[in-house]
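The values are calculated or read from the model by the stated rules, or taken from the named source; none is laboratory data. Bear in mind that the values here come from a model prediction, so they are computed numbers and not experimental data. Here the Cβ positions follow ideal geometry from the backbone for every residue, glycine too, while neighbour counts run over all protein chains shown. Surface accessibility is based on the protein's heavy atoms, side chains included, excluding ligands, DNA and RNA. Shrake-Rupley method; radii C 1.70, N 1.55, O 1.52, S 1.80 Å.
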2 protein chains.
Amino acid sequence: MPGFEQTIIPFLTRAEKFYPEKEIVTRTNDRIHRYSYSEAVERISQLANALQYAGVSRRDRLGTFSFNHFRHFEIYFGVPGIGAQYHTINPFLPDKHIEHIVKDAEDKWIFIDPSLLEKLERALSTETASSIERFVVMGDSIPETSLDPVIDYESLIGGHPTHYEWPQLDENLPASMCYTSGTTGMPKGVEYTHKMMWSHSMACLTPQGYGVDDSDTIMSGVPMFHVNSNDSPFFGAAAGAKQVLVGESPDPKDYVSLIQEEDVTLSFAVPTICLGIIEYIEENDLDLPSFERIQMGADSVSQNLIRRFEDQGIEVLHGWGMTEALPLCTASRPKPKMNDWDQPRKLNKKTKIGVPLPGVETKVVNNDGNEVPWDGESFGELYVRGPWITTEYFNRPAENEASFKGKWLKTGDIVTVDEEGYFDLIDRNKYLIKSGGEWISSMQLEKAIESHDHVITAGVIGVPDAKWGERPVAYIVCDSDRRGKQISDSLRNQISAEFPDWWTPDEFIYVNNLPETATGKIDKEELENRYQQR
Amino acid sequence: MPGFEQTIIPFLTRAEKFYPEKEIVTRTNDRIHRYSYSEAVERISQLANALQYAGVSRRDRLGTFSFNHFRHFEIYFGVPGIGAQYHTINPFLPDKHIEHIVKDAEDKWIFIDPSLLEKLERALSTETASSIERFVVMGDSIPETSLDPVIDYESLIGGHPTHYEWPQLDENLPASMCYTSGTTGMPKGVEYTHKMMWSHSMACLTPQGYGVDDSDTIMSGVPMFHVNSNDSPFFGAAAGAKQVLVGESPDPKDYVSLIQEEDVTLSFAVPTICLGIIEYIEENDLDLPSFERIQMGADSVSQNLIRRFEDQGIEVLHGWGMTEALPLCTASRPKPKMNDWDQPRKLNKKTKIGVPLPGVETKVVNNDGNEVPWDGESFGELYVRGPWITTEYFNRPAENEASFKGKWLKTGDIVTVDEEGYFDLIDRNKYLIKSGGEWISSMQLEKAIESHDHVITAGVIGVPDAKWGERPVAYIVCDSDRRGKQISDSLRNQISAEFPDWWTPDEFIYVNNLPETATGKIDKEELENRYQQR
């Protein structure tokens, strides 16, 4: 077959050769760490040599339990570069999920941040911990720990040659893996081959993706333990872009300081983090001339949030992806013919998740298996397929059938399609509420409730009902102690003005906060449990 | 293996679904033909159905002998879409090369423009012509012809269903093929698989490629019989861009009218065509507000030509590719750090062929097999590899060894590398002149001679010399009858000011025109023949 394999190391070596002085900047607890691609590649080569020396071989899996920093960045390239596979473990998962993931992946090594040692000690059973050949602590020294055997990262790579002869790899080798956050059942692994990451990275570079080139400075607000931090280490290197790694638990001030001081042009994050960033910018009346654009994903995005960024001259891209499909599959860039639309009409388009990127195929299928009309009202499940979208789960042959149809990924996301082909996310399939034979969207109810002046956040669930099958119930966090009848009444008015009568939740329950999943979404399973146990 | 195949039909169906009204516009002999992606897909589906109905099957090869127009565009998708392969035949090749190509490819069918019937009748031997199962004439009617059996394109597709269920194809199926122009020996075929075309198209979309999105209108100045017209039908559809097809033998006025009337934003062509376009714009003092950028490839580009475009507000991208590597592998976009350089320094960078696109690997190797230093002076052969660069010739196992080293394509192009990593094309390997043990670049001499006020074009060849091995001789076309000693003297002065003494050609030979190859380059083999036969 003519043509060369699609692997990720050429992205890195392009940056090394043609942008050697461009920086990778990390916010650590006490300082800013910075080095160049040239220096990064020397250390990545040392890591590759060290791995090989230590007997790590092709297809071995090494876990990472770590935030966004330069050592994690080095693992992203060094491990797949020798033909092995890294896989990230979300430290915010419940202990039992972490234990499950480490066992499921059959990790040979685990790379771990010093601050997460206690968490992992707690999460792993003695048996699982003892199956790990080596724990590599990614700090300058090793705190006391029961994990064993343990070595620090600098000792691991120190002394090894700073050049490594990258082998020609099969593009279908798995390079990395990420586990779904597993709100129902145990997390499932999604393997990303070199080719999938290559394809997704190229698509991210295109103008209908993030539109990245060597003039960009990229700061990912997505953790490196989640969907490869949107693959930004890869497409950032491919473009020769400067990269900013946000370190552990950044707050809005940290994000904004990095944007200011490192001249960030592009970022991406979940809406909650974006909200923190724009609030900080507004409160401090800041001007961020370098900051051109931000992408929000994973969740619904309000017009208000988009408008606040755009008022600051920061372009907002709403995009959609998922662990199974890598982070960017659709994006809501307005089409050229919308250029002269007025702002509200454009904003409405931007709140949607948009159209597929070049290379992705989509269809929206209703319960009868037919594609839905593009009327902005009929809804169905979004199916996607493409070179960076998985066609199977790791180690779960029995669960593939429910999630895939042929090579199509059944996303579980329910969308409408408007006449220009823009998808609008209505709900996750499993959170749709069926009441008296009619569907109610929990997500649309949440959006409506959250648009109330005194509501901070809301979670709507369906609860069993003898007469109607299911009825909606809303859990609400308010910004003050104004709970109760007064707010419920105005919410009822608001909802009945916007939706059919039967959409109005039977109960409005006021709480101080809502449970969250490990990826920062509202944990609806936990809300259902709480409701049952009342 | 998780992940879906990389094939080209999803590019088309994305345009069909999300940009159904965007146009494909063709300049024909007597009018402008226009239709939408939606209509194009209906006809492409008809073609696919017709091919299948007629018994064309996977891996069958169908030749095209045709200029840039909508029917050729339909073949680009319809033929690979069913798993067969189209391959283009350059009508400007000598008859014996055309005969060779048709035999080598074992064409089952040939699609042919009415205006090229006579040419093909002449080129094909009776035996070869009779091996073709069907000639499809791409006009509204069939002129008298000896080719047999013959059918017209509209009759072929007419009546077939306008929907076709595109099969899932293996991405490694060959989708198309292009033959090298074969200045030495017979043309060699280079097959492009779906995956190679997918990869190249995605790279073309990126900002470091052409940077294409749905706001673009693309007019390729590269023939569809040459390297897939730079793959523009594919990446244009992928982006949802409007496309303009220039028809047969466009002159500068045709190009410029299309740019004006169709609001073209992006074009690409060889420097000769670009020169015609800019001259026409200047002479007629035209303003082309839509026309943002033009890419020049395949040849050396003068600072003067770049400046003339930029004076009109049209950005110039100099890029490099070849039949074996698809058209875009490197590009000369200035890096951000060059933003504040003065214009001459920037222009100097832009005349180079630049740095590799994301996804491409390069090295520059001297005769000892070592990579050359980045000093702007040492030169070596450019090696490239990447997902859209071939690793073998079609049907020529014996010739692979000379052209490939492992998976690296030895391009035969000699370049220097400056300290920022920009490649500068010095010469084709085979045109370098070795004189007294030292190398002389025929291309640099040509550039120097062409910068003389009265010189239009020049071709420098090496001729055998008893004492020095080889000596340079220059063939020159002047803009008036001022030939002879006066110009030769000033050229000698100019050359000796710029290069070592021994670079000055032994002879300056004035001619009315220079022979050209089928792809519009100076035919140096023919110059060598002429010199020998003097």
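Numerical summary
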| read-out | value |
| --- | --- |
| Of all residues making up the range A:239-257, the number that are within 14 Å of chain B (Cβ to nearest Cβ) and open to solvent by less than 10 Å² (accessible area, probe 1.4 Å) | 3 |
| Elements of type helices (runs of 4 or more DSSP H) in the range A:429-534, at least 1 residues being open to solvent by 40 Å² or more (accessible area, probe 1.4 Å) and in contact with a Pro (Cβ under 7 Å, 6 or more places away or on another chain) | A:524-532 |
| Test for A:Phe379: is it facing another protein chain (nearest Cβ under 9 Å), open to solvent by 10 Å² or more (accessible area, probe 1.4 Å) and either over 18 Å from B:Lys17 (Cβ atoms) or aromatic (Phe, Trp, Tyr) (or both) | no |
| Every pair of residues 6+ apart whose Cβ atoms lie under 6 Å, when the first sits in the range A:507-521 and is without any contact (Cβ under 8 Å) to a residue 12 or more places away in the chain while the second is in a loop (DSSP other than H, G, I, E, B) and among the charged types (D, E, K, R) | A:Glu516/A:Asp523 |
| Lone qualifier among A:Ser176, A:Ser115 - being in contact (Cβ under 8 Å) with a residue 60 or more places away in the chain, more than 21 Å from the chain's Cα centre (by Cα) and within 20 Å of A:Val222 (Cβ to Cβ) | A:Ser115 |
| Index of the failed condition, A:Glu121 passing every other in (1) among the acidic types (Asp, Glu); (2) open to solvent by 40 Å² or more (accessible area, probe 1.4 Å); (3) touching a helix residue (DSSP H, G or I) at 6+ places or on another chain (Cβ under 7 Å); (4) in a helix (DSSP H, G or I) | (3) |
| Test: residue in the range A:217-232 that is more than 10 Å from chain B (Cβ to nearest Cβ), within 25 Å of B:Lys407 (Cβ to Cβ), buried (at least 23 other Cβ atoms within 10 Å of the Cβ) and not small (Gly, Ala, Ser) | yes |
| Scope the range B:1-34; condition open to solvent by less than 50 Å² (accessible area, probe 1.4 Å), within 26 Å of B:Ser199 (Cα to Cα) and of a type in the set (Lys, Arg); matching residues | B:Arg14, B:Lys22 |
| Selection status of B:Pro373, surrounded by 14 or more Cβ atoms within 10 Å (Cβ to Cβ) and either more than 10 Å from every other protein chain (Cβ to nearest Cβ) or closer than 19 Å to B:His200 by Cα (or both) | yes |
| Residue count for the range B:293-304, restricted to those that are at pLDDT below 90 and open to solvent by less than 60 Å² (accessible area, probe 1.4 Å) | 6 |
| Residue list for the range A:202-212, filter: in contact with a Pro (Cβ under 9 Å, 6 or more places away or on another chain) and more than 8 Å from every other protein chain (Cβ to nearest Cβ) | A:Cys204, A:Gly209 |
| Some residue of the range A:386-396 being under 25 Å from A:Lys524 (Cβ atoms), more than 10 Å from every other protein chain (Cβ to nearest Cβ) and without any contact (Cβ under 8 Å) to a residue 60 or more places away in the chain | no |
| Search result, residues across the range B:99-112 that are farther than 19 Å from B:Leu51 by Cβ and open to solvent by 10 Å² or more (accessible area, probe 1.4 Å) | B:Glu99, B:His100, B:Lys103, B:Asp104 |
| Among (1) more than 14 Å from chain B (Cβ to nearest Cβ); (2) under 28 Å from A:Ile281 (Cα atoms), the one test that A:Asp368 misses | (2) |
| Single residue of the range B:322-334 satisfying the filter (open to solvent by 10 Å² or more (accessible area, probe 1.4 Å) and in contact with a Phe, Trp or Tyr (Cβ under 9 Å, 6 or more places away or on another chain)) that is nearest to A:Gly3 (Cα to Cα) | B:Glu324 |
| Which listed residue is under 19 Å from A:Thr13 (Cβ atoms), out of contact with any strand residue (DSSP E or B) (no Cβ under 6 Å at 6 or more places or on another chain) and of a type in the set (Val, Ile, Thr), from A:Val41, A:Val56 | A:Val41 |
| Subset of the range B:259-292 (residues that are touching a residue at least 40 places away in the same chain (Cβ under 8 Å), open to solvent by 10 Å² or more (accessible area, probe 1.4 Å) and under 18 Å from the mean Cα position of the chain (by Cα)) | B:Val270, B:Thr272, B:Ile273 |
| Which numbered condition B:Gly236 fails, given (1) open to solvent by 10 Å² or more (accessible area, probe 1.4 Å); (2) at negative phi | (1) |
| Filtered residues of the range A:390-414 (kept if part of a strand (DSSP E or B) and closer than 25 Å to A:Trp198 by Cα) | A:Phe394, A:Phe404, A:Lys405, A:Trp408, A:Leu409, A:Lys410, A:Thr411 |
| Tally, over the range B:179-199, of residues that are touching a residue at least 60 places away in the same chain (Cβ under 8 Å) and either more than 20 Å from A:Asn172 (Cβ to Cβ) or more than 12 Å from chain A (Cβ to nearest Cβ) (or both) | 13 |
| Filtered residues of the range B:237-267 (kept if of a type outside the set (Asp, Glu) and within 13 Å of B:Ser215 (Cα to Cα)) | B:Ala237, B:Ala238, B:Ala239, B:Gly240, B:Ala241, B:Lys242, B:Gln243, B:Val264, B:Thr265, B:Leu266 |
| Matching residues, the range B:406-419, being modelled with pLDDT of 95 or more and either open to solvent by 20 Å² or more (accessible area, probe 1.4 Å) or within 13 Å of chain A (Cβ to nearest Cβ) (or both) | B:Trp408, B:Leu409, B:Lys410, B:Val417, B:Asp418, B:Glu419 |
